[in-house]
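Take a look at the structure set out below.
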Amino acid sequence: MQGNKLLISIIVLLVLPSLAYAQTHLEETSSVSRIVGESPTEMLRQMQRNGIEGEK
């Protein structure tokens, strides 16, 4: 009986920190792209394109 309590205590001590860490790190991430151009007109043209460069 004492061995079971010790085993359960060890499992709880090993599992709880990982659950707490997972709960605090549930945040969304987003990607960021960069618009490059020599003039505002070129930048606007890039934003209006549907595809990405290199895509056929």
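The values are calculated or read from the model by the stated rules, or taken from the named source; none is laboratory data. Being a predicted model, the structure only gives us computed values, none of them experimental. In this analysis, Cβ positions are derived from the backbone assuming ideal geometry, glycine residues included, and neighbour counts consider all displayed protein chains.
Assorted remarks:
- Here Q48 passes the criteria (1) at pLDDT 80 or above; (2) surrounded by 10 or more Cβ atoms within 10 Å (Cβ to Cβ) except the one numbered (2).
Residue by residue, here is whether (1) loosely packed, with under 10 Cβ neighbours inside 10 Å; (2) among the hydrophobic types (A, V, I, L, M, F, W, C); (3) at pLDDT below 80; (4) touching a helix residue (DSSP H, G or I) at 6+ places or on another chain (Cβ under 8 Å) holds:
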site	(1), (2), (3), (4)
K5	yes, no, no, no
I10	no, yes, no, no
A22	yes, yes, yes, no
L26	yes, yes, yes, no
T29	yes, no, yes, no
R34	yes, no, yes, no
G37	no, no, yes, yes
